[in-house]
Every structure is written in structure tokens, then in C-alpha cells.
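Notes follow once the structure below has been shown.
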Amino acid sequence: MTSRKHAERLDAADPLAHKRNAFDLPKGVIYLDGNSLGPLTHAARAALAQTIDVEWAQGLIGSWNTAGWVDLPRRVGARIAPLIGAGPDDVICTDGTSLNLFKVLSMALDLRPQRMRVISERHNFPTDLYVAEQAVQRAGHGQSLTRIDSPDEIDGLIVTADVKMTP
Ligand SMILES: Cc1ncc(COP(=O)(O)O)c(C=O)c1O
């Protein structure tokens, strides 16, 4: 049974405990929603201030080159790459999830217009499904979005040749 004492013992032995000080969280808040919007770090606050007050305000349009903005998608991608087991040139960091999903799906549908079905789990993040719906509609060759309840259904659907996968 988990007890407060046990949790406190684990906390005391946590090698990452000092990382708590890197974050600027309101007092008393325990924040676990890191997948969607992580908490602000002191380093992020300083980097934003530098970007706004120096690179944007002083450097103006020159900052695309002098501050390296133009290379950021590749540089950030290269730092994410080892975290996901990819090579340094395999990852690019652009836009948000919805825009990227729309671009990937639209491209896939355009490349293989003869494939008629996109499959996604019904309980995926709602905006992912809206994006998939629109990408399918835009493709305009009569493709459709199939919503499934469980990943177990995938095998039975992908035996046909007209299927693409969404995340
Ligand atoms: C799985 C998933 N899809 C889509 C989104 C929406 O992301 P964006 O606002 O970048 O389009 C989020 C945001 O947290 C997400 O977690």
C-alpha cells in the first residue's frame, strides 16, 4: 500500500529531485500535465526574454541569420533526435501537432490517391480526428476516415490495400 511516508522516502532518494528548482511553478502546485503544456522553466523565461528584448527588439529582421532563427527547426530537431532514437538529421521541429498531422496526412493521401481509407482510433485526441476528417475530405477522391474502438481492430482492416495509418 502506498503511504505518504513511503512517497517521502522515495522523494528523499530521488536523483532528479534537484530538477524541481529548474521550474517556476506556483507555490503548492503539483503539476503532472507535461504532455500538453509543460511548466515554465527559469531557463525558458530567460531564453524568451533574450529572444524578445534582444533578438527581436534590437536585431529585428537580421536575427533570422545573426541569432540563427532560420536554422532552429533543424537544431531543435537534432536535439530531440536522440531522445526518440532518430539520427541527427532525421527530425525537424516545425509548427504544432495539428498542422503537422494535416501536412503528413495530406501528403500521404496525395501520394497514393488510390488508397481509400484512413484509420484512426475513435478516442484519439479530438482535434487529431478533426484534422484527419478534413485531410480526407480535401483529398477529394472519395477517401474516408474509419474510426475504430481498439487497436485490435487494425489487423482486420489493414489486410486491404487501401489503408494509411494515423497516429
Ligand atoms: C495528441 C495531441 N494532438 C493534438 C494536440 C493539439 O496540438 P496543437 O495545438 O499543436 O495543434 C495535442 C495537444 O496537446 C495533443 O496532445
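Semi-axes of the equivalent ellipsoid for the chain, computed as √(5λ) from the eigenvalues of its C-alpha gyration tensor and ordered from largest down, come to 38, 28, 14 Å.
Determine the per residue accessible area of region 8-71 with all protein chains present and a 1.4 angstrom probe, expressed in square angstrom. Heavy-atom accessible area per residue stands at 84 Å². Measuring spread by the Cα atoms of region 97-165 yields a radius of gyration and Dmax of 11.3, 30 Å.
Checking the a/c ratio against 1.5 first, then a/b against b/c, what shape does the Cα gyration tensor give for region 40-85? Here region 40-85 falls in the oblate category. Close amide H contacts of ILE119 (hydrogens built in the peptide plane, cut-off under 5 Å, sequence separation of 5 or more or a different chain): THR146, LYS164, THR166. Taking all protein chains into account, the per residue accessible area for region 97-165 stands at 62 Å² (1.4 Å probe).
At a 1.4 Å probe, what is the % contribution of carbon and sulfur to the accessible area of region 1-110? Mind dumping the intermediate values first?
On the way: 5600 of 8960 Å².
Within region 1-110, the accessible surface is 62 percent carbon and sulfur.
Each part reduced to its alpha carbon centroid, region 78-130 and region 4-27 end up 35 Å apart.
The values are calculated or read from the model by the stated rules, or taken from the named source; none is laboratory data. Remember, it's a predicted structure, so these values are computed and weren't measured experimentally. Areas reflect the complete protein model, heavy atoms only, side chains present, ligands, DNA and RNA absent. Shrake-Rupley method; radii C 1.70, N 1.55, O 1.52, S 1.80 Å.
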